[in-house]
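Note sheet for the following structure.
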Amino acid sequence: MTDSAAAAGGGRMAHGRVPMTGRDPGEHGRAVTPLELLLPVFTQGGAGGTPWHPHHVAERYSLFAIITLGEGVVGTVASSGGLLGGPDGTEWTANAVAVVVAGAGLTFGMWWVYFTTPFGDILVHRRARGYLFGYGHIPVFAGIAGAGAGLHVAGLYLEHHAAIGETAVVLSVALPVGLFLLVVYALHTLLLSARDRFHALLISLTLAVLGAAVLLSLTGTPVAVCLLVVIFAPCVTVVGYETVGHRHQQRMLAALRARRSPS
């Protein structure tokens, strides 16, 4: 029945058809949708753009990073669950303890590393680099999730359910951890447009730790021990930031604010 027929028949209410249009980006009080928060749709705002708040966007991405870090917890639980020994399944083996320590240590270390960068404060002064922030988080999330998957692979190997070598197992954890750390450093450098020799030193030490874990696996060192070595990769950044790096970062932020100052 058409709208005109409905209006003419029996006092029925006519329902007009309104063509669908896009949301007005300038609408007062308009909230950004979850899809817009997840996808890098950053613009300067205004006509054709999507207004966004730097701290709100940084918070949403950090929450998604925390959710992804849960993959590390899932991988740890999945890995250690099958490594419980004893007739009643309650005796912890050395391998199970190593996997739990490695999983918890990596998850906590990666969390700490991520939150050393004040993305919200940086985006306040670098709104034009919102695309870099958004798309740059894709490999960040991939590295976090990959580390959790690698822990699961390690558990399967220690349970004798994986037909791969020790080095491949260690690489399944070390590579995504390395990807995560390198991308976080790259985002910090590119968003601030500031290089730091101390950061170069930390990156070198981080890669050395990951390389040492892989080399140990090539020499026949047990996988559990190699996983414990991988833990020290994010620890390099955490210790470096808490001792010296935070002062370097404050100087970079101060220089950024000075460049953006009206004076």
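The values are calculated or read from the model by the stated rules, or taken from the named source; none is laboratory data. Quantities reported herein were computed from a predicted structural model and do not represent experimental measurements. Every residue, glycine among them, receives a Cβ derived from its backbone with ideal geometry; neighbour counts consider all protein chains shown. Side chains are part of the model used for accessible areas, which takes the heavy atoms of the whole protein and leaves out ligands, DNA and RNA. Shrake-Rupley method; radii C 1.70, N 1.55, O 1.52, S 1.80 Å.
For the stretch 90-144, how big is the tail of P(r) above 15 Å, as a whole percent of Cα pairs? Write down the numbers at each step before the final one.
Details: 950 of 1485 pairs.
That tail contains 64 percent of the Cα-Cα pairs.
If the viscosity is 0.890 mPa s and the temperature 25 °C, what Stokes-Einstein diffusion coefficient in µm²/s follows for the stretch 107-263 when Rh is the Kirkwood radius over Cα pairs?
Roughly 147 µm²/s, to the nearest whole number.
Work out the P(r) tail for the stretch 191-263: percent of alpha carbon pairs separated by more than 21 Å, whole number.
Value for the stretch 191-263 (Cα pairs over 21 Å): 44 percent.
Which ³J(HN,Hα) values, rounded to whole Hz and listed in residue order, are derived for the stretch 100-112 from phi using the Karplus coefficients 6.51, -1.76 and 1.60 in 6.51 cos²θ - 1.76 cosθ + 1.60 with θ = phi - 60°, glycine and proline given as x?
Values, residue by residue: 4, 4, 5, x, 5, x, 5, 4, 5, x, 5, 4, 5 Hz.
With a 1.4 Å probe and every protein chain left in place, work out the accessible area per residue of the stretch 116-261 in Å², rounded to a whole number.
45 Å²
Using only C-alpha positions, report the orientation-averaged shadow area of the convex hull of the stretch 190-232, nm², one decimal.
Across all orientations, the stretch 190-232 yields a mean hull projection of 3.6 nm².
Starting from the Cα of A208, step 7 Å toward the Cβ, then list every residue of the stretch 159-183 with an amide N under 18 Å from that point.
In the stretch 159-183, the label zone of A208 (backbone N under 18 Å from the point 7 Å along Cα→Cβ) covers 178, 182.
At 1.4 Å probe size, with the rest of the protein present, what percent of the exposed accessible area of the stretch 106-218 is carbon and sulfur atoms?
Details: 3450 of 4810 Å².
Carbon and sulfur together cover 72 percent of it.
May I ask for the Kirkwood hydrodynamic radius of the stretch 120-181, worked out over all distinct Cα pairs and given in angstroms to one decimal?
The Cα-based Kirkwood calculation yields 13.2 Å.
Which order do the peptides 244-255, 58-69 take when ranked by the mean count of other beta-carbon atoms within 10 Å per residue, highest first?
Top to bottom by mean Cβ count within 10 Å: 58-69, 244-255.
Each residue of the stretch 178-184 in turn: what ³J(HN,Hα) in whole Hz from Karplus with 6.51, -1.76, 1.60 and θ = phi - 60°, glycine and Pro shown as x?
So the Karplus estimates, Gly and Pro as x, are x, 4, 4, 5, 5, 5, 4 Hz.
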